[in-house]
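These notes are about the structure you will find just below.
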Amino acid sequence: PNSLLEAMATGLPSVATNHGGIPSVIRNGITGLLCKEGDWQGISEALLLLAKDPALYARISTAGADFVGDEFSAAKQITNVENLYREAIGPYMGRIFLAVLFMAIVAGCLGATAWLMEVVVDEVLKARDQNRLWWVAGAVLVLFSVKNVAEITQSIMMNHVGLRVIADLQNRLFA
């Protein structure tokens, strides 16, 4: 009922049928007037009632605007989304922590690789120290291996968590 919420937010009194999600927005006689579905006579009577009773018109207009302002404010929506995220990822925080740890390992390997390149340039190439060449080559091989395993593990873990969160949300929405 988005258009209904928009109308209420502007202070228009709302008359609608008791259908779908509308009763969650309109509290009959408080934030609007509800009629039975297909009851055109009831809708016309509700509209006439609002036209004839300025106090009711004003009370419903104010209550509707207040309801939308309270229930659908930016602050409340942010809180709702934050809570949804907490509920959705809460069961997977251990895996997310491990994935972040693997990301840190990847970053550490990249930093160590950059440091090793300085060693290669300074000590192996400039000083022509061939003894260090095997050590550097082995270290680069180990770092790349660790980095790749960490990247793959992190990627698999986050993909699993993402898919589980989506599946959990779908189950909540459509179960």
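The values are calculated or read from the model by the stated rules, or taken from the named source; none is laboratory data. In this text, all values refer to a predicted model and were calculated from it rather than measured experimentally. Counting neighbours? That spans all protein chains shown, and the Cβs are built from the backbone with ideal geometry, glycine included. Side chains are part of the model used for accessible areas, which takes the heavy atoms of the whole protein and leaves out ligands, DNA and RNA. Shrake-Rupley method; radii C 1.70, N 1.55, O 1.52, S 1.80 Å.
Out of (i) 9, 20, 16, 13, 12, 10, 8, 7, 4, 1; (ii) 8, 27, 22, 14, 11, 7, 6, 3, 1, 1, 1, 0; (iii) 10, 36, 39, 16, 0, which label holds the value of P(r) over Cα pairs in 10 Å bins from 0, in percent that was computed here?
Of the listed options (i) 9, 20, 16, 13, 12, 10, 8, 7, 4, 1; (ii) 8, 27, 22, 14, 11, 7, 6, 3, 1, 1, 1, 0; (iii) 10, 36, 39, 16, 0, (i) comes from this structure.
Estimate the FRET efficiency between residue 3 and residue 104 by the formula 1/(1 + (r/R0)^6), using the beta-carbon distance for r and 41 Å for R0, to the nearest 0.05.
0.25
List every residue whose amide H lies under 5 Å from the amide H of residue 35, counting only residues 5 or more places away in sequence or on a different chain, with H placed 1.01 Å from N in the peptide plane.
Answer set, sorted by chain and number: 16, 17, 18.
Scan the chain and note any complete DSSP helix (H) whose C-alpha atoms cover at least 24 Å along its axis and whose Kyte-Doolittle average is 1.6 or more.
93-119
Under the rule of -39500 (n - 2.57) per DSSP H run of 4 or more residues, summed and divided by the residues of the chain, what mean residue ellipticity at 222 nm is obtained, to the nearest 500 deg cm²/dmol?
Computed mean residue ellipticity for the chain: -25000 deg cm²/dmol.
Under a 5 Å amide H to amide H cut-off, with H placed in plane at 1.01 Å, what residues pair with residue 25 once short-range neighbours are removed?
Answer set, sorted by chain and number: none.
At what distance in nm do the modelled label points of residue 113 and residue 57 sit from each other, each positioned 7 Å from its Cα along Cα→Cβ?
7.2
Which value, in debye to the nearest 20, gives the size of the charge dipole of the range 1-125 about its Cα centre, when Lys and Arg are +1 and Asp and Glu are -1 at the Cβ?
So the dipole magnitude of the range 1-125 works out to roughly 500 debye.
Got the relative contact order for the chain handy, in percent, Cα pairs under 8 Å and 6 or more residues apart?
Over the chain, the number comes to 19 percent.
Using θ = phi - 60° and the Karplus relation 6.51 cos²θ - 1.76 cosθ + 1.60, list the HN-Hα couplings for the range 22-39 in order, rounded to whole Hz, with x at every Gly or Pro.
So the J values, rounded to whole Hz, are 4, x, 6, 9, 9, 9, 3, x, 10, 9, x, 10, 9, 10, 5, 4, x, 8.
Got a sec? Which residues in the range 84-123 would a label at residue 140 touch, if it sits 7 Å along Cα→Cβ and we count backbone N under 17 Å?
Inside the label zone: 109-123.
Give the carbon-plus-sulfur fraction of the accessible surface of the range 25-175 in %, rounded to a whole number; probe 1.4 Å, heavy atoms of protein chains only.
Accessible surface attributable to carbon and sulfur in the range 25-175 totals 66 percent.
Enter the accessible area per residue of the chain (Å², integer; probe 1.4 Å; all protein chains in place).
The answer is 67 Å² per residue.
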